[in-house]
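I have placed the structure first, in the form of structure tokens, so that the comments after it can refer back to it.
The values are calculated or read from the model by the stated rules, or taken from the named source; none is laboratory data. Just so it is clear, the model here is predicted, and its values are computed rather than measured. Quick reminder, even Gly has a Cβ in these numbers, built from the backbone with ideal geometry, and neighbours come from all protein chains shown. Areas reflect the complete protein model, heavy atoms only, side chains present, ligands, DNA and RNA absent. Shrake-Rupley method; radii C 1.70, N 1.55, O 1.52, S 1.80 Å.
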Amino acid sequence: MATANDNQATHSTQPDGSLTITDNRTGKSYEVEISQGAIKASDLLQIRTIDDEPGLTTYDPGFVNTASCKSAITYIDGEHGILEYRGYPIEQLAEGASFLEVAYLLIKGSLPTKAEYEQWVHEITFHTYVHENVRGFMQGFRYDAHPMGMLMASVGALSTFYPESNNIDDPDNRHIQIIRMIAKMPTLGAWAFRHAQGKPYIYPDNDLGYTANFLSMLFKMSEQRYAPDERLVKALDTLFILHADHEQNCSTNAVRSVGSSHVDPYSSVAAGIGALYGPLHGGANEAVLRMLRRIGKAENIPDFIKGVKAGEERLMGFGHRVYKNYDPRAKIIKKACDDVFEVTGTNPLLDIAVELEKIALEDEYFVKRRLYPNVDFYSGLIYEALAFPPEMFTVLFAIGRTPGWLAQWVELTEDKEQKIARPKQIYTGDRRLDFIPSEQRWS
Ligand code: SDX
């Protein structure tokens, strides 16, 4: 297996070279460089019919075929179901690493030494508390506020407690804000959960590990110290690893886009939480549970599939912009289900999910569109078995994704090729209308 130093090459499988473009409107030809499997969109600006008109641009709704950055953090091969963080296969990290070790790898770019890891864990443990005013802020939400709305608002509010965080070019300042955000995300997530339950907020217990402390802040009641089952701690830690990064997904794109204005990292990550909240993205795990509950029993699956094929609804937890094969994370989560259900007892919805997957994978509609289970299809079953309500599922996704968002944000701030995100448009509206004053319009 290659080591970190062996892999200097880029990972485009296509050879470098050039493109010759002939504009049939003028007969002119242009040479455009191909590098790392891409051409620069700005190279198309030279192609124009009239000298003073803007040159060609590309139109790409949802950025289906547009690279917004160069990144060395996460590699995905959608055709072959490959996912690697800093070159390490997700299967190996899920098996052998801790979530905080993976967080260090993503953000610092290499696996930590023992001393580096101990310092990293100490710093994160030391910063799990939030300012007491944050507690007051969170208590101002309605009793039934969605935890993702509370998390997005609370992370954004942290920017006002650490105004120095907008000094984004200082690596030491970036480091302490990164430590704070990784440390405080579980506290905010747990308090949002407790708020919805009308229970007192539980403060961090810094004698517990990161994930065990999170479970303590969620579920501790009158006992002196919460003692989670180690198998459940390991399962949740693994789920955090599986969600830690996923290259330029919707929420990471939001973090990078907002971060490109040079705002502080809390405001950038709050934007990422907002994007993750959506049912097409991180909100899908909550939608999967609701879908499985609606199906109710296996004999209802054929009618449900008929509705999906008629375009009346989506098979939530299926499909992916990049994976046109099985999402490798879904495979690992499906296996983790067994470990968790050994402790909690199985979830009857698992049988429906397995049967739904089997039917879908044999059905032409899904096969033709290369739709497979993604990371969200099975994760909700584990979360429910861990006694989380569906509205908490995406909060768990956000806690896991935080190191990835921050690693991408650091890469953005250090990338000299990056500029403020400001895409073009193709204008389709009216032009040069004459304004008619209201007294004439309304008479
Ligand atoms: C995540 O990007 C990431 O990396 C995201 C993520 C991460 O780690 O950050 O992996 C996490 O968000 C996973 C995805 C979770 N979302 C869902 O499970 C929601 C259901 N899935 C879809 O809505 C959809 O598959 C997307 C949003 C995930 C991907 O959408 P695309 O790439 O824009 O694909 P599309 O909507 O253009 O679909 C292509 C075709 C369409 O059919 P036609 O118009 O060609 O006839 O496939 C169909 C779609 O209607 N289709 C589905 C479907 N997903 C796509 N039909 C039924 N059920 C589905 N789930």
*asked:* It is to be established whether one or more residues within region 407-416 are modelled with pLDDT of 95 or more, open to solvent by 30 Å² or more (accessible area, probe 1.4 Å) and in a loop (DSSP other than H, G, I, E, B).
replied: yes
*Sole exception among (1) farther than 20 Å from Ala244 by Cα; (2) buried (at least 17 other Cβ atoms within 10 Å of the Cβ) for Ile76, by number*: (1)
*When region 308-324 is examined, which residues are found to be more than 7 Å from the ligand (Cβ to nearest atom) and touching a strand residue (DSSP E or B) at 6+ places or on another chain (Cβ under 9 Å)?*
Tyr323
*Taking region 149-177 on its own, how many of its residues are open to solvent by 10 Å² or more (accessible area, probe 1.4 Å) and either without any contact (Cβ under 8 Å) to a residue 24 or more places away in the chain or in a helix (DSSP H, G or I) (or both)?*
19
*Every pair of residues 6+ apart whose Cβ atoms lie under 7 Å, when the first sits in region 321-338 and is among the acidic types (Asp, Glu) while the second is open to solvent by less than 10 Å² (accessible area, probe 1.4 Å) and near the ligand (Cβ under 10 Å from one of its atoms)*: Asp327/Pro373; Asp327/Val375
*Sort through Glu439, Glu384 and tell me the only one that's open to solvent by 40 Å² or more (accessible area, probe 1.4 Å), in contact with a Leu (Cβ under 7 Å, 6 or more places away or on another chain) and away from the ligand (no atom under 16 Å from the Cβ).*
Glu384
*Hey, can you tell me all the residues within region 360-374 that are in a helix (DSSP H, G or I), within 11 Å of the ligand (Cβ to nearest atom) and at pLDDT 90 or above?*
Tyr365, Phe366, Lys368
*Count, please, the residues in region 25-58 that happen to be part of a strand (DSSP E or B) and open to solvent by 80 Å² or more (accessible area, probe 1.4 Å).*
3
*Out of Ala421, Ala398, which single residue is on the phi < 0 side of the Ramachandran plot, in a helix (DSSP H, G or I) and either touching a helix residue (DSSP H, G or I) at 6+ places or on another chain (Cβ under 9 Å) or open to solvent by 10 Å² or more (accessible area, probe 1.4 Å) (or both)?*
Ala398
*Inside region 53-92, can you point out the residues that are more than 16 Å from the ligand (Cβ to nearest atom) and under 25 Å from Ile21 (Cα atoms)?*
Glu53, Pro54, Gly55, Leu56, Thr57, Thr58, Lys70
*asked:* I'd like to check something: does region 295-307 contain any residue that is within 25 Å of Lys368 (Cα to Cα), loosely packed, with under 15 Cβ neighbours inside 10 Å and within 14 Å of the ligand (Cβ to nearest atom)?
replied: yes
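For every residue, the table says whether it meets (1) buried (at least 17 other Cβ atoms within 10 Å of the Cβ); (2) touching a Cys at 6+ places or on another chain (Cβ under 9 Å); (3) assigned by TED's automatic domain parsing to the domain that holds Ile124.
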| site | (1), (2), (3) |
| --- | --- |
| Asn206 | no, no, yes |
| Met217 | yes, no, yes |
| Met221 | no, no, yes |
| Arg225 | no, no, yes |
| Asp229 | no, no, yes |
| Leu239 | yes, no, yes |
| Ala254 | yes, no, no |
| Ser257 | yes, no, no |
*Name the single residue, out of those in region 361-385 being without any contact (Cβ under 8 Å) to a residue 12 or more places away in the chain and of a type in the set (D, E, K, R), that is nearest to Ala336 (Cα to Cα).*
Glu362
*Could you please give the count of residues in region 310-359 that are open to solvent by 60 Å² or more (accessible area, probe 1.4 Å) and either part of a loop (DSSP other than H, G, I, E, B) or basic (Lys, Arg) (or both)?*
10
*How do the pairs read when you match residues in region 226-254 that are farther than 30 Å from Pro61 by Cα with residues anywhere that are of a type in the set (Phe, Trp, Tyr) and modelled with pLDDT of 95 or more, using Cβ under 7 Å and keeping only pairs 6 or more apart or on different chains?*
Tyr226/Phe219; Asp237/Phe99; Phe240/Phe99; Ile241/Phe99
